[in-house]
Amino acid sequence: MDDIDRAIINSLQGGFPICDQPFGAIAEPLGLTGTQLMARIRKLKEDGIISRFGPMWHAERMGGELTLSAMKVPAERFDEVAELVNSYPEVAHNYAREHALNMWFVVATEKPGRKAEVLAEIEARTGVEVHDMPKIQEFYVGLRFEA
Amino acid sequence: MELSDRDHALVSALAEGLPLVSHPYRAVGAQLGMDEAEVIGRIQAMRDGGVIRRFGIIVRHHELGFKANAMSVWSIPDAVVSEVGRRLGDAPEVTLCYRRPPRLPDWPYNLFCMIHGRDRAAVEEIVAGLVRRFDLGAYPHAVLFSTRRFKQTGARYGRPIPRAAAAE
């Protein structure tokens, strides 16, 4: 990763143009052509730095539901439960964390009602209580990172 | 915002991201039987309607060098939690900040901040700085470092357009 890659990451975590030739439109300030910019983004994706290039959706405004859930999983069952949780396409990410509640995952669903189904199924199939902690208020959702 | 079937088809076509070609919206439209102008119009409307929070690069923070992340949580009285949340949300070190319901007895905390840093010590320093700056020392508090990341695919949305509708 060089300075141009860092500039791409720092300037393109939002505000990508929605016009007929968007890469061409934003390449110049970076000192690149549209083709060069696309090649660099492709390389950053291949290298795993960029997970996706495109829209970040607002689940609730699409009519869907989003929640953070936590479970207290016995250590000896951790991998088995993680595998089951991760098998749901509605589970967007899942982290082990240092706490009695040691598994934390985000469930994002498109249809209202599906969230409750997923959480109930996980609870029934694992026998471990699932704590549902949907947001009550949102103060900041930037989730941007400086390279 | 109410999404139409054609919007949902577009959401689905964008699940893997935007194609890296000079006319990406035309390329997406070609899969769906939509012309470039329709794709651009629908994406602009979804952005303006807040269905798209932002549009661009979504990074893998770990691969970018943010090796440590902690969910930093506090138990703040209801009367002041919104005010404290707003102040923490404005802090540049905080990458996400939400109020969520406590789940007693296991979980007394109602304010959640994500903190990302180069390593564990950096994150601990950031959290200590927030506690000092925002005078949070009196509130019950926990810092949950992540030890393993099992999955980070991002949410999947959208449904493919029915063939007949695509041909319209």
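The values are calculated or read from the model by the stated rules, or taken from the named source; none is laboratory data. Note that this is a predicted model, so its numbers are computed, not measured. Every residue, glycine among them, receives a Cβ derived from its backbone with ideal geometry; neighbour counts consider all protein chains shown.
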Please verify whether A:Arg61 is modelled with pLDDT of 95 or more and assigned to a helix (DSSP H, G or I), treating the condition exactly as stated. no
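Each row is one residue, and each column tells you yes or no for (1) out of contact with any Lys or Arg (no Cβ under 7 Å at 6 or more places or on another chain); (2) more than 29 Å from A:Val130 (Cα to Cα); (3) modelled with pLDDT of 95 or more.
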position	(1), (2), (3)
B:Leu32	yes, yes, yes
B:Asp35	yes, yes, yes
B:Ala45	yes, yes, yes
B:Arg60	yes, no, no
B:Ala68	no, no, no
B:Ser72	yes, no, yes
B:Ser75	yes, no, yes
B:Gly85	no, no, yes
B:Val94	yes, no, no
Subset of the range A:92-147 (residues that are of a type in the set (Ser, Thr, Tyr) and within 30 Å of A:Gly14 (Cβ to Cβ)): A:Tyr95, A:Thr109, A:Tyr140
Out of the range B:2-46, which residues are touching a Gly at 6+ places or on another chain (Cβ under 7 Å), in a helix (DSSP H, G or I), surrounded by fewer than 21 Cβ atoms within 10 Å (Cβ to Cβ) and within 9 Å of chain A (Cβ to nearest Cβ)? B:His8, B:Glu36
Restricting to the range B:58-92, what's the tally of residues that are outside any helix (DSSP H, G or I), of a type outside the set (A, V, I, L, M, F, W, C), in contact with a strand residue (DSSP E or B) (Cβ under 6 Å, 6 or more places away or on another chain) and without any contact (Cβ under 8 Å) to a residue 60 or more places away in the chain? 1
Applying the selection to the range A:107-134, what residues are within 29 Å of B:Arg86 (Cβ to Cβ) and surrounded by fewer than 17 Cβ atoms within 10 Å (Cβ to Cβ)? A:Pro112, A:Pro134
Would you please name the residue that is farthest from A:Met62 (Cα to Cα), looking only at residues in the range A:114-132 that are small (Gly, Ala, Ser) and assigned to a helix (DSSP H, G or I)? A:Ala124
Out of A:Ser69, A:Ser87, which single residue is of a type in the set (Ser, Thr, Tyr), under 26 Å from B:Glu63 (Cα atoms) and either touching a residue at least 40 places away in the same chain (Cβ under 8 Å) or at the interface with chain B (Cβ under 9 Å from one of its Cβ atoms) (or both)? A:Ser69
